[in-house]
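The values are calculated or read from the model by the stated rules, or taken from the named source; none is laboratory data. Please read all numbers here as calculations on a predicted model, not as lab measurements.
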Amino acid sequence: MTYVWGRRNSAARMQVLMITVRAPYVPWVLAGISLLMGSNVQDHLMGIAVGHIYYFFVDVYPLLPTSKGIQLFRTPQVLKFFAARESDHVAAASLAVAVAAAA
C-alpha cells in the first residue's frame, strides 16, 4: 500500500526519522531502516515488488497503446461495497429516506 500511495502521490514529501523523503522513496527508506535495525527486510522487498506489479497493471498498463484500455486487475464489487466511504453511505441513506417520504 505504501508503494502504490507513493507512486500516486509522487510530489508528496514525508518526514521519516527527521529526514525529508519524497513519497516514491518511502518504502525503500523503511526497508533500509529495517535493515539497519537488524529486522527482516524480505517482507519490505516483497511488498515493494507486489506494489510495483499492482501499480503497473492498474495505473500504467491501461494507458499504453498496446493495451487498448484493458484493465487486468479490477477491485471486486463486494470490496467496493464494504470499503465505501461513510459519506456514500450517508448519501444513500438520505436518498432512501427521501424516496420513502415521497412514496
Here the residues within region 1-22 that are within 19 Å of Tyr55 (Cα to Cα) and modelled with pLDDT of 90 or more are Arg22
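Okay, residues lined up against (1) among the polar types (S, T, N, Q); (2) modelled with pLDDT of 80 or more; (3) under 24 Å from Asn9 (Cα atoms):
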position	(1), (2), (3)
His52	no, yes, yes
Asp59	no, yes, yes
Leu63	no, yes, yes
Gly69	no, no, yes
Phe81	no, yes, no
Glu86	no, no, yes
Ala93	no, no, no
Ala98	no, no, no
Ala103	no, no, no
